[in-house]
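Okay, here's the structure, questions in a sec.
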Amino acid sequence: MTKLNLSVAVGPYDRTRALIDGSVQIDGVNPTCMTLSPEEIFFRALRHAEFDICELSLSSFTVKTAQGGGDYVGVPAFVSRAFRHTSIYVRTDRIKKPEDLKGKRVGVPEYQLTANVWARAILEDDYGVKPSDIQWVRGGIEDAGRPEKISIKLPPDVKLENAPEGKTISAMLAEGTIDGFIAPRPPSLPKNTPNVGWLFADPVAAAQDYFKRTGIFPIMHIVGIRRTIAEQHPWLPGAVLKAFEQSKADALELLSDTSATKVTMPFIEERLAEARELMGEDFWSYGIEPNRKTLESFLRQHHREGLSSRLVTPEEMFHPGTHESFKI
């Protein structure tokens, strides 16, 4: 069998490293791997479908699925997950609790970013702060004039304006012309900028409480395969999921090896034990069934916000060849 020569674009994570260095192979594929930032991958994939296999934004992919499907089919390998309590920054001289955000101005790099959908879900479900309660200001974190990657249509009661020309939302937060900031990256600020900090003083404790109450570990990114290739080779999505699963398993095995720490941080072994105690042994699971509650929660919020034109199901998001796997 001649192998397919395919491009693969993902972030340089421990859970993708074995795919990148070739120690884990995708069956039937000769890959050309590129390690790029999510912003670059998503922009190039969504605007021009430049990659054969790549990391994709869960939110952008949901928009495309609701519209009938885009250039990629989904694979439920969730290469990025994060609790987004650390994504909400505020002017601490004005905002003392989540409810204080009602009627305030909050900056976002893009309204439909996955991290922002999860953050708005936290604000709405746990604190009664709806998207319509806030004046949203869209602008780049470090570069002014950042546009949405894909076109979105918001409900009429949601107010979204562009930042003034030449202004970033980081600068606006520092100078106080906005009251809050929600993004997957922190604001780009001079060191010790006064009166700016997390909304949640202890975001780890807030996230742990959130998981105990909901059982949800938010999904950020999935993997996509160019639709035309998947249609020509229906075995490929299953092979891609299998390889990403193995790469993640290899990373966790290395992380569990206490002979020499694999991450340049102290207390990693203790944090790993704490995560498993709180979230279970398979705390970073791939596949639809182990993540059904998380996926359905996100898809409901996405539709509730008007970002997806209809309520999407998890099965629609992912190629049929990835819905279940063989057992021995």
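So for region 84-214, considering every pair of alpha-carbon atoms, how many percent are separated by more than 23 Å?
26 percent
Which pairs in the list Lys97/Lys262; Lys96/Lys130; Lys191/Lys262; Lys191/Lys248 are over 28 Å apart, alpha-carbon to alpha-carbon?
The pairs that break the limit, which is 28 Å between Cα atoms, are Lys97/Lys262; Lys191/Lys262; Lys191/Lys248.
Now for a different question. Using helices alone, what [θ] at 222 nm do you get for the chain, with -39,500 (n - 2.57) per DSSP H run of 4 or more residues, divided over all residues and rounded to the nearest 500?
The per-residue figure over the chain is -10500 deg cm²/dmol.
Order 225-231, 281-287 from most to least packed using the mean count of other Cβ atoms within 10 Å.
For the peptides 225-231, 281-287, the packing ranking is 225-231, 281-287.
Right, another one. Taking Cα centroids, how far is region 179-256 from region 96-160 in Å?
19 Å
Can I ask one more? Could you give P(r) for region 175-320, binned at 5 Å from zero, as whole percent values over all Cα-Cα pairs?
1, 7, 11, 14, 16, 16, 14, 11, 6, 2, 1, 0
How about region 73-118: which trypsin sites (Lys or Arg not before Pro) there lie in a loop by DSSP and see at most 16 other Cβ atoms within 10 Å?
The qualifying sites are Arg94, Lys96, Lys102.
Compute the distance from the alpha-carbon center of region 264-314 to that of region 1-46, in whole Å.
22 Å
As a footprinting exposure proxy, order Thr214, Thr261 by other Cβ within 10 Å, with the fewest listed first.
Thr261, Thr214
Listed highest first by mean packing, meaning other Cβ atoms within 10 Å per residue, what order do 178-186, 140-148 come in?
Top of the packing list down: 178-186, 140-148.
In degrees between 0 and 90, to the nearest 10, how far off the longest principal axis of the chain does helix 268-279 point, with axes built from Cα atoms?
Helix 268-279 and the main axis of the chain meet at about 90 degrees.
A further question follows. Give the percent of DSSP beta bridges with both residues in the chain that are antiparallel, rounded to the nearest 5.
45 percent
Taking the chain on its own, what percent of its Cα-Cα pair distances exceed 24 Å?
Every Cα pair in the chain considered, those over 24 Å come to 57 percent.
Fewest to most neighbouring Cβ within 10 Å: what's the order for His302, His48?
Least crowded to most crowded, the residues run His48, His302.
Here, each number is a calculation from the coordinates, and none is a lab measurement. Quick caveat, the model's predicted, so the values are computed rather than measured. No Cβ is skipped: glycine too gets one built from the backbone with ideal geometry, and neighbour counts run over all protein chains shown.
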